[in-house]
Amino acid sequence: MLLENSVLSEFRKTYSPTKEFLHWAKKDIIYRNANYLIDFKYYHFVNKTSYNGELFDKILFPIDDDSAIVSSNYGLHLWHYSTDKYIQNDSLVMSLLKEKKLSRAYNLCLTNIINNENPGISRDIMCYRILSTLFEKSFEDFLTIWIKDKSFIDNQDLNKQLQKRRQQFETQENYHISLLDTETKEEKEIIGDFFSNLINKHKGKVIYLDIWATWCGPCRSEIPHSIELHEYFNYKPVVFVNLCMSSDRTEWKKAIENQHIAGENYYFNKMQSGLLRNKLKWQGFPTYMIIDKNGTIVDKNAPRPSSDKEIKMKLIKLMGE
């Protein structure tokens, strides 16, 4: 952060930006760095190591800084914090989740947030993110909480947004598997064996699969690197295929449009997400896989786009160039 603040200071001297811009920039630097905490946690998880102290330092990265909502990274930080503290590190909540008692687990999580965090837009965003996650996992369990108790969120704009998403979900076309045309914004239902159709569609090409979810922070942080990788291999025999799992369909479309996600974008509903996960046995999100020119999955744990040289060399080798 010291380097970024130094760059901002020089930028300020040269261009004299507005107070509003400087406020946004300072908050964005803080919370963009805060979101690497989850990558730090994931690193230790993968390597089966431990770390000392608390993951979230509230002095360095506050969780009740309402003025920081100007940065989209702040909302993501609140989501990481609330998920880590009130779901993953709460034994009772985790026990209920293992028993597939989703509405009880999330109701307990939300109640704990209300009882332990300061009132304000930051707490409302935490609750909104938690409810949105439940919405994506199980619409029925979301309704169980939403209809009975709307007191978790004071902000009416956030409440209206949840209500809008509910209405969209109840009226939209609910294809099991679909492909989104990024130019026309039209959704096309995919029928038949997905992988056979995908391999036949891209015969003689290497396929790089990105298995992700809209609510997954590390997934979203990889998107800029995915776009760069896609551009690097433009006009080469490599196809980038993004499979969105266990997510809200509306949020999927928003993410593609807002973050300009390149490649082919497929959506799998809850049932199809479960079937594919049972078939491919991946551990978590994001997961990257590579299918060679012969249609064989040659790597079920491929390097991430952010690995840069590692993934580029691997794809180049498989292309035979």
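Going through the range 140-165 one residue at a time, which ones are at pLDDT 90 or above, out of contact with any Phe, Trp or Tyr (no Cβ under 7 Å at 6 or more places or on another chain) and among the aromatic types (Phe, Trp, Tyr)?
Passing the criteria: only Phe152.
If the Cβ limit is 8 Å and pairs must be 6+ apart or interchain, which residue in the range 215-229 that is assigned by TED's automatic domain parsing to the domain that holds Leu37 pairs with which residue that is of a type in the set (S, T, N, Q)?
Matching pairs, first to second residue: none at all.
Need a quick list: helices (runs of 4 or more DSSP H) entirely within the range 149-241 having at least 1 residues that are over 23 Å from the mean Cα position of the chain (by Cα), closer than 27 Å to Lys314 by Cβ and not small (Gly, Ala, Ser). Before you say what the answer is, go through the steps one by one.
Values: elements: 156-171, 194-201, 217-232.
Result: 194-201, 217-232.
With the condition kept exactly as written, say whether any residue in the range 123-138 is of a type in the set (Asp, Glu), under 30 Å from Gly295 (Cα atoms), within 23 Å of the chain's Cα centre (by Cα) and not in a loop (DSSP other than H, G, I, E, B).
Checked the range 123-138: no residue is of a type in the set (Asp, Glu), under 30 Å from Gly295 (Cα atoms), within 23 Å of the chain's Cα centre (by Cα) and not in a loop (DSSP other than H, G, I, E, B).
Which residue pairs have Cβ atoms closer than 6 Å, lie 6 or more positions apart in sequence or on different chains, and pair a first residue in the range 105-117 that is within 17 Å of Gln88 (Cβ to Cβ) with a second residue that is charged (D, E, K, R) and part of a helix (DSSP H, G or I)?
Glu117/Arg123
Checking the structure you have, find out if any residue of the range 157-172 is exposed (fewer than 14 other Cβ atoms within 10 Å of the Cβ) and in contact (Cβ under 8 Å) with a residue 60 or more places away in the chain.
Scanning the range 157-172 turns up at least one residue that is exposed (fewer than 14 other Cβ atoms within 10 Å of the Cβ) and in contact (Cβ under 8 Å) with a residue 60 or more places away in the chain.
Go through (1) modelled with pLDDT under 95; (2) surrounded by 14 or more Cβ atoms within 10 Å (Cβ to Cβ); (3) more than 20 Å from the chain's Cα centre (by Cα); (4) of a type outside the set (A, V, I, L, M) one by one and return the number of the condition Lys100 breaks.
That leaves (2) as the condition not met.
Just one of Ser95, Ser6 is modelled with pLDDT of 95 or more, surrounded by fewer than 18 Cβ atoms within 10 Å (Cβ to Cβ) and assigned by TED's automatic domain parsing to the domain that holds Asn107; which is it?
Result: Ser95 is the single residue among Ser95, Ser6 that is modelled with pLDDT of 95 or more, surrounded by fewer than 18 Cβ atoms within 10 Å (Cβ to Cβ) and assigned by TED's automatic domain parsing to the domain that holds Asn107.
Could you check the range 206-241 and list, in sequence order, the residues that are within 13 Å of Asn294 (Cα to Cα) and not β-branched (Val, Ile, Thr)?
The one that is within 13 Å of Asn294 (Cα to Cα) and not β-branched (Val, Ile, Thr): Pro237.
Conditions first: (1) over 19 Å from the mean Cα position of the chain (by Cα); (2) buried (at least 19 other Cβ atoms within 10 Å of the Cβ); (3) of a type in the set (Asp, Glu). Asp64 passes all but one, so which condition is the exception?
For Asp64, the failing item is (2).
Being farther than 23 Å from Pro303 by Cα, in the same structural domain as Tyr74 (by TED's automatic domain parsing), assigned to a helix (DSSP H, G or I) and aliphatic (A, V, I, L, M) narrows it down to one of Leu55, Leu37, Leu22, so name that one.
Within the list Leu55, Leu37, Leu22, the selection yields Leu22.
Can you tell me which residue within the range 195-205, out of those that are surrounded by 11 or more Cβ atoms within 10 Å (Cβ to Cβ) and at pLDDT 90 or above, is farthest from Lys293 (Cα to Cα)?
So, considering only residues that are surrounded by 11 or more Cβ atoms within 10 Å (Cβ to Cβ) and at pLDDT 90 or above, the one farthest from Lys293 (Cα to Cα) is Asn197.
The values are calculated or read from the model by the stated rules, or taken from the named source; none is laboratory data. Bear in mind the structure is a predicted one, so any value in this text is a computation, not a measurement. Virtual Cβ from ideal backbone geometry, glycine too; neighbours counted across all protein chains shown.
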